[in-house]
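See structure below.
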Amino acid sequence: MAAVIHRDGGLALFALIRPILLTLLSAAFLSGCQVERTNDRLTVASAGRISSLDPAQASTISTIQLLSALGDPLYSLTQDGLLEPRLASGPPVVSSDGLTVSIPLRDDVLFHDGTRFDAEAMAFSLRRFLKIGTLNYVVGGRIASIDAAAPDQLQISLTRPSTSLNGLLTAINLTPISPEAYREHTDRFLHDTFIGTGPYKLVRFREDQQRLVPFEDYWGEPPENQGLDLITLSNSTALFGALRSGEVDVLMSGSIDEDQRHTLHDMAKDGELREGVGPAMEIGYITLLSNAPPLQDPRLRQAVALSLNRQEISERVSYGLRQPLRALIPPSLMTSPTDSWPNNAPEQARSLFREAGYCDGRALTLPLTFRSNVPADKLLALTWQAQIKRDLNDCLELDLDGVESTTVYRQLGEGAFKAVMLDWRGTYPDPEAYLTPLLSCDDVEGNICRSGEAAISGSFWSTPLLQDTLLTSDRQLGAKRDQTLQQLETITAEGSAYIPVWLESPRAWSQRTISQPQFDGSGHLRLDRLGRTKP
């Protein structure tokens with residue numbers, strides 16, 4: 001890999017020797033021979049520990065991935081983006097005024113404890129999520145009531161018509177749980193077990209290891225393996241080495257170092273591994289604190305946004321595996337996606353910095369926080385820092401600070417970070433699931449959000465018309481909705497409290513003796529479709 005910025009000798013050297021360091025660190029793992037497998041239980045590795053199995057609390061990709069194997073949604077998305085009934089027996093029926101949604105349910109489904117699934121069980125689960133769910137804001141006040149109209153008929157009354165409701169019905173957070181098993185946990189979380197309807201049931205749980213076995217009474221197609229051991233390894237090198245040595249059958253791409261991701265991608269192209277790629281649904285972005293000096297000045301936020309060269313960052317950091325992104329909504333969720341955020345323009349940025357009183361002997365020092373346990377974050381930060389030294393050294397200086405991700409998430413809503421690198425994958429595949437967590441606000445004063453998701457997200461930014469436009473977009477369909485969504489993106493780009501950087505597709509790699517990993521339309525790895533095969 002070429003040096004990122006040749007004027008920065010230290011960074012250039014780092015970029016040149018990075019693959020060599022990777023090879024040395026991985027040598028211990030690569031020296032062993034392939035481990036011979038004698039049964040059909042598969043070992044799947046990732047980097048994310050799981051502290052709670054409660055779907056009302058699930059927020060991490062690792063937890064959602066696990067729950068997608070233990071539970072079922074009402075509907076799922078196919079790879080083509082079509083709504084497919086799962087626990088529902090047919091498509092949702094919406095009343096003429098758009099305020100009542102009727103969902104027919106299957107009558108042949110059992111929970112893992114033998115309890116029968118019906119409309120009352122589904123209503124119990126949805127009401128519980130609305131009451132205690134960590135992410136219950138995704139419902140956005142849309143649901144007025146949930147009733148069992150019949151044992152096989154769920155009825156949802158809405159406070160307003162909602163275009164994004166279909167996407168919401170695919171969310172794994174809304175997977176039903178056994179009312180019998182959760183009888184004592186209607187208003188509190190149950191962390192260490194899960195009783196759902198999915199193709200697997202849980203037989204052992206630790207934060208770093210979970211054992212799953214096929215559910216014998218599953219209503220659908222049975223898994224193609226005899227069970228799974230999901231394990232968490234301590235770092236990227238350990239994960240990489242475990243796949244290369246054959247200690248694990250499948251590796252999921254989250255938190256894998258970019259050099260290792262690229263190496264595995266090349267190995268798959270050469271036929272040494274099998275690679276599966278899911279839909280690009282995860283956005284990486286930077287949040288700027290807009291309600292405090294110095295970035296309360298919109299000119300400075302706009303200048304910072306113009307300083308970012310996405311194409312260079314994508315190539316230098318991810319070898320092009322992450323796509324440059326100039327929108328908050330993944331392109332696959334828009335009928336006519338467009339780039340709302342401006343491209344890299346150093347001279348235009350310099351002009352804005354000068355208007356705000358910087359450059360020519362006075363540079364803005366901007367603290368940039370990256371998540372120390374997310375490998376790509378540090379590389380992004382270093383690359384951007386070096387790029388600014390080359391292009392805008394007299395106007396802007398980035399002061400880098402690595403902070404563990406759980407600390408970042410805990411302090412975001414306190415306004416602790418001037419600029420911070422984050423990522424997000426919507427809890428369901430709809431534009432609403434990307435805009436609401438970043439833009440919705442309950443109390444707007446000028447361009448400041450006093451309370452609401454925009455404050456919790458760490459930007460504290462809003463505009464007087466933004467909330468009404470958000471509501472309008474969720475009542476529209478087709479071209480009209482696309483037009484309103486584009487308007488929202490344009491307004492947000494002008495505010496520059498968020499800077500989208502790249503778009504990532506989930507990946508997984510399997511041994512040649514394991515079937516090629518498959519993903520559903522929401523980006524979940526189909527663990528039930530993994531099985532042993534001939535290389």
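Here Ala345 clears all of (1) under 17 Å from Ala493 (Cα atoms); (2) crowded, with 23+ Cβ neighbours inside 10 Å; (3) among the aliphatic types (A, V, I, L, M) except the condition numbered (2).
For every residue, the table says whether it meets (1) out of contact with any Cys (no Cβ under 7 Å at 6 or more places or on another chain); (2) under 28 Å from Gln79 (Cα atoms); (3) part of a loop (DSSP other than H, G, I, E, B); (4) not assigned by TED's automatic domain parsing to the domain that holds Asp394.
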site: Phe240; (1), (2), (3), (4): yes, yes, no, yes
site: Glu247; (1), (2), (3), (4): yes, no, yes, yes
site: Ala268; (1), (2), (3), (4): yes, yes, no, yes
site: Ser290; (1), (2), (3), (4): yes, no, yes, no
site: Pro293; (1), (2), (3), (4): yes, no, yes, no
site: Arg301; (1), (2), (3), (4): yes, no, no, no
site: Asn343; (1), (2), (3), (4): yes, no, yes, no
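So which residues in region 318-342 are surrounded by 16 or more Cβ atoms within 10 Å (Cβ to Cβ) and of a type in the set (Val, Ile, Thr)? The answer is Ile329, and nothing else.
Yes or no: Pro500 buried (at least 16 other Cβ atoms within 10 Å of the Cβ), modelled with pLDDT under 95 and either part of a strand (DSSP E or B) or touching a helix residue (DSSP H, G or I) at 6+ places or on another chain (Cβ under 6 Å) (or both)? Here the answer is no, as Pro500 does not meet what is asked.
When region 400-422 is filtered for residues that are out of contact with any Lys or Arg (no Cβ under 9 Å at 6 or more places or on another chain) and of a type in the set (D, E, K, R), the ones remaining, listed by number, are Asp401, Arg410, Glu414, Lys418.
Figure legend. Inter-residue proximity from region 46-70: first residues free of Cβ contacts under 8 Å to residues at least 24 places away in the same chain, second residues surrounded by 21 or more Cβ atoms within 10 Å (Cβ to Cβ), beta-carbon distance below 6 Å, spacing 6+ or different chains. Indicated pairs: Thr63/Ile50. Against the definition (of a type in the set (Phe, Trp, Tyr), outside the structural domain of Thr436 (by TED's automatic domain parsing) and touching a residue at least 24 places away in the same chain (Cβ under 8 Å)), how does Phe519 come out, yes or no? The answer is yes for Phe519. Between Leu168, Leu130, the distinction of being buried (at least 22 other Cβ atoms within 10 Å of the Cβ) and more than 21 Å from Tyr218 (Cβ to Cβ) belongs to Leu168 only.
Picking from residues in region 274-306 that are farther than 24 Å from Ile448 by Cβ and small (Gly, Ala, Ser), the one that is surrounded by the most Cβ atoms within 10 Å (Cβ to Cβ) is Gly284. Per the listing Gln486, Gln476, the residue uniquely surrounded by fewer than 19 Cβ atoms within 10 Å (Cβ to Cβ) and within 25 Å of Glu282 (Cβ to Cβ) is Gln486. For region 441-448, check the following and say yes or no: at least one residue is part of a strand (DSSP E or B), within 24 Å of the chain's Cα centre (by Cα) and of a type outside the set (S, T, N, Q). No, because not a single residue in region 441-448 is part of a strand (DSSP E or B), within 24 Å of the chain's Cα centre (by Cα) and of a type outside the set (S, T, N, Q).
Within region 310-320, can one find any residue that is part of a loop (DSSP other than H, G, I, E, B), of a type outside the set (A, V, I, L, M, F, W, C) and under 21 Å from the mean Cα position of the chain (by Cα)? Taking every residue of region 310-320 in turn, at least one turns out to be part of a loop (DSSP other than H, G, I, E, B), of a type outside the set (A, V, I, L, M, F, W, C) and under 21 Å from the mean Cα position of the chain (by Cα).
Considering region 423-432, and only residues there that are closer than 18 Å to Tyr409 by Cα and buried (at least 23 other Cβ atoms within 10 Å of the Cβ), the residue that is farthest from the chain's Cα centre (by Cα) turns out to be Thr427. Please verify whether Ile156 is in a strand (DSSP E or B) and not assigned by TED's automatic domain parsing to the domain that holds Phe215, treating the condition exactly as stated. Answer is yes for this residue. For the residues Thr469, Thr484, the requirement of being part of a helix (DSSP H, G or I), touching a Leu at 6+ places or on another chain (Cβ under 7 Å), hydroxyl-bearing (Ser, Thr, Tyr) and outside the structural domain of Arg160 (by TED's automatic domain parsing) singles out Thr469. Would region 496-513 turn up any residue that is free of Cβ contacts under 8 Å to residues at least 60 places away in the same chain, touching a Ser or Thr at 6+ places or on another chain (Cβ under 7 Å) and closer than 30 Å to Ile448 by Cα? Within region 496-513 (the criterion being free of Cβ contacts under 8 Å to residues at least 60 places away in the same chain, touching a Ser or Thr at 6+ places or on another chain (Cβ under 7 Å) and closer than 30 Å to Ile448 by Cα), the answer is no, since none of the residues qualifies. Here Asp72 meets each of (1) in a loop (DSSP other than H, G, I, E, B); (2) over 28 Å from Val213 (Cα atoms) with one exception, condition (2). When the residues of region 521-533 are filtered to those that are in a loop (DSSP other than H, G, I, E, B) and surrounded by 20 or more Cβ atoms within 10 Å (Cβ to Cβ), which remaining residue is farthest from the chain's Cα centre (by Cα)? Looking at the filtered set, the residue picked out is Leu530. Asp229 satisfies every condition listed in (1) in a loop (DSSP other than H, G, I, E, B); (2) within 20 Å of Thr60 (Cα to Cα) except (1). Of the helices (runs of 4 or more DSSP H) contained entirely in region 346-419, those carrying at least 2 residues that are without any contact (Cβ under 8 Å) to a residue 60 or more places away in the chain and under 19 Å from Gly254 (Cβ atoms) fall at 375-391, 405-411. Out of the residues in region 259-295 that are among the β-branched types (Val, Ile, Thr) and within 22 Å of the chain's Cα centre (by Cα), state the one that is farthest from Tyr358 (Cα to Cα). Filtering first and then ranking leaves Val277.
The values are calculated or read from the model by the stated rules, or taken from the named source; none is laboratory data. Keep in mind it's a predicted model, so treat the numbers as computed, not measured. Don't worry about glycine lacking a Cβ; one is built from the backbone with ideal geometry, like all the others, and counts go over all protein chains shown.
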